[in-house]
Amino acid sequence: MRGKLIFLIGFMGAGKTRTGKRLAKALDFPFLDSDLEIMKNTQKSIEELFAEEGEAHFRSLEKEWLLGLGPNPTIVSVGGGLPCFHNNMEEMNKRGITIYLKLSVEALAERLQQSKTVRPLIEPYKQDELVLKSFIRAKLEERDVFYNQSHLIVNGLSLSQNRLNELIDEIRERL
Ligand code: S3P
């Protein structure tokens, strides 16, 4: 019997990595981040992968990486687009528990403007708040149909310790 993986999904800037690390620490599970793992495997940055090989190739690397995940219980933070390509959402729902960290367009825009991470899809819009917000709104509309298939939906903006503890209880019940 394969163990359950716990996937954190959501839009760029939703705080998946930060929340994932907190959950991993509290549950004493290892933590993995799809972008970091793909960068390690390819020895390239996400920016280089998009520029040199294109988005479609990046999506196939994500798919391949997802299918190769081992059986041990692990907290897995996945890139914002991963659930929306191939059958990745279905695969994650089969392999474990999916948690959607849901933030408003306003909160995402603020966090993305402050973030130093280079995200190829965001770069062209990052400087202008209104343009960025309308990009996020349109992309979220496209992606919510996938994100909303998650087992749990959490309003993600800086989870209080109480809310994190509740989430841990919900995860334990499903493990
Ligand atoms: C992407 C999200 C990024 C990264 C890439 C594409 C997306 O990860 O995988 O830049 O399509 O939403 P984060 O969600 O961790 O920023």
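The values are calculated or read from the model by the stated rules, or taken from the named source; none is laboratory data. Note that the coordinates shown come from a computational prediction; the quantities given were computed from them, not determined experimentally. Neighbour counts run over all protein chains shown; Cβ positions are idealised from the backbone, glycine included. Areas reflect the complete protein model, heavy atoms only, side chains present, ligands, DNA and RNA absent. Shrake-Rupley method; radii C 1.70, N 1.55, O 1.52, S 1.80 Å.
Here is how the numbers come out for the structure above:
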quantity: Any chance Ser158 is within 16 Å of the ligand (Cβ to nearest atom) and within 19 Å of Ile75 (Cβ to Cβ); calculated: no
quantity: Pick from the stretch 65-86, criterion touching a residue at least 40 places away in the same chain (Cβ under 8 Å) and loosely packed, with under 14 Cβ neighbours inside 10 Å, ranking: farthest from the ligand (Cβ to nearest atom); calculated: Pro71
quantity: Subset of the stretch 119-143 [surrounded by 13 or more Cβ atoms within 10 Å (Cβ to Cβ) and within 10 Å of the ligand (Cβ to nearest atom)]; calculated: Arg119, Pro120, Leu121, Ile122, Lys139, Arg143
quantity: Residue in the stretch 4-25 that is farthest from the chain's Cα centre (by Cα), counting only those that are more than 11 Å from the ligand (Cβ to nearest atom) and part of a helix (DSSP H, G or I); calculated: Lys25
quantity: Exclusive hit being assigned to a helix (DSSP H, G or I) and away from the ligand (no atom under 14 Å from the Cβ), set Glu37, Glu62, Glu106; calculated: Glu106
quantity: Residues of the stretch 87-103 satisfying the condition of being assigned to a strand (DSSP E or B) and open to solvent by 20 Å² or more (accessible area, probe 1.4 Å); calculated: Lys102
quantity: Tabulated pairs, the stretch 94-107, first in contact (Cβ under 8 Å) with a residue 40 or more places away in the chain, second among the hydroxyl-bearing types (Ser, Thr, Tyr), C-beta under 8 angstrom, 6+ apart or interchain; calculated: Thr98/Ser150; Ile99/Ser150; Tyr100/Tyr147; Tyr100/Ser150; Leu101/Thr19; Lys102/Tyr147
quantity: Any chance Leu49 is within 13 Å of the ligand (Cβ to nearest atom) and out of contact with any His (no Cβ under 9 Å at 6 or more places or on another chain); calculated: no
quantity: Those residues of the stretch 147-159 which are buried (at least 19 other Cβ atoms within 10 Å of the Cβ) and either closer than 15 Å to Thr17 by Cα or out of contact with any Phe, Trp or Tyr (no Cβ under 6 Å at 6 or more places or on another chain) (or both), in sequence order; calculated: Val154, Gly156, Leu159
